[in-house]
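Below you'll find the structure, written out as structure tokens, and then a few comments.
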Amino acid sequence: ACVSKMTEEGHQALEQMRAQVEVYRGRLEDAERRASVDPLTGLSNRRATEEALAERIRQNRPFSVILLDLNNFKAVNDSLGHTAGDDLLKQFSTELRAQFAPSDTVGRWGGDEFIGMLEGHIDQALKYHDRIERWGFGDYSITVGSQTHKIHLRAAVGIAEWNGSESARDLIGRADRVLYEAKDDSPPERGARLTQRYVPPS
């Protein structure tokens with residue numbers, strides 16, 4: 001009887017330990033997830049994006065990057081306030097994520113800059129760019145107080161395919177140069193600007 005009781009108590013203690021381990025494992029996974037996510041947009045943060053970039057290079061398979069820098073985003077913050085700017089970033093991030101596959105990495109590179117990484121060659125990245133042009137750019141509605149403002153949002157884009165030997169820094173540098181050439185060539189009317197102000201229906 002004594003041995004049976006000790007065995008039963010041992011099983012109970014083991015089950016309790018297993019339950020505690022699962023709790024701690026869940027907390028650890030949640031902490032790791034939060035450490036890799038940008039809190040404003042829900043996209044991968046800079047650290048997680050850099051790690052994903054390094055991993056793709058280690059895998060030694062073709063992949064491409066798409067850099068985006070929102071045009072004239074500062075004007076939105078200056079005109080409507082940072083809360084409105086944050087709302088615009090969150091809306092755009094949702095639309096941007098929707099244009100990529102679940103296996104792709106989509107991150108906030110910093111401020112109003114974003115990055116997408118996809119497996120495949122430059123022609124695949126150009127198809128993604130077409131989708132972003134169609135669904136990611138355009139008019140967004142931002143409500144400030146009792147008024148709704150329509151923002152026409154666009155971005156300069158730089159696309160580059162990994163050449164099979166370059167570093168992550170060199171790859172991003174190539175995409176960045178293309179982006180800034182595109183930004184220099186963009187007429188002012190293609191930037192983010194206030195196009196309409198109206199009071200929402202009551």
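The values are calculated or read from the model by the stated rules, or taken from the named source; none is laboratory data. Predicted model, so just to flag it, every value in this text is computed and none were measured. Cβ sites come from the backbone with ideal geometry, for glycine too, and all protein chains shown count toward neighbours. Calculation scope for accessible area: heavy atoms of the full protein, side chains included, ligands and nucleic acids excluded. Shrake-Rupley method; radii C 1.70, N 1.55, O 1.52, S 1.80 Å.
Here are the numbers for this structure:
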{"item": "Single unsatisfied condition, Phe100 versus (1) in contact with a helix residue (DSSP H, G or I) (Cβ under 8 Å, 6 or more places away or on another chain); (2) under 20 Å from Ala52 (Cβ atoms); (3) open to solvent by less than 10 Å² (accessible area, probe 1.4 Å)", "result": "(3)"}
{"item": "Residue list for the stretch 71-97, restricted to those being among the hydroxyl-bearing types (Ser, Thr, Tyr) and buried (at least 20 other Cβ atoms within 10 Å of the Cβ)", "result": "Ser93"}
{"item": "Of residues in the stretch 73-130 being charged (D, E, K, R) and outside any helix (DSSP H, G or I), the one farthest from the chain's Cα centre (by Cα)", "result": "Glu119"}
{"item": "Every residue from the stretch 50-72 that is farther than 15 Å from Asp104 by Cβ, assigned to a helix (DSSP H, G or I) and in contact with a helix residue (DSSP H, G or I) (Cβ under 9 Å, 6 or more places away or on another chain)", "result": "Glu50, Ala54, Ile57"}
{"item": "Ile115 being modelled with pLDDT of 95 or more and either closer than 16 Å to Arg56 by Cβ or open to solvent by less than 20 Å² (accessible area, probe 1.4 Å) (or both)", "result": "yes"}
{"item": "Matching entry among Leu88, Leu96, Leu80 (being within 18 Å of Asp38 (Cβ to Cβ), touching a residue at least 60 places away in the same chain (Cβ under 8 Å) and not polar (S, T, N, Q))", "result": "Leu88"}
{"item": "Count of residues meeting criterion [surrounded by 13 or more Cβ atoms within 10 Å (Cβ to Cβ) and not in a strand (DSSP E or B)] in the stretch 132-169", "result": "8"}
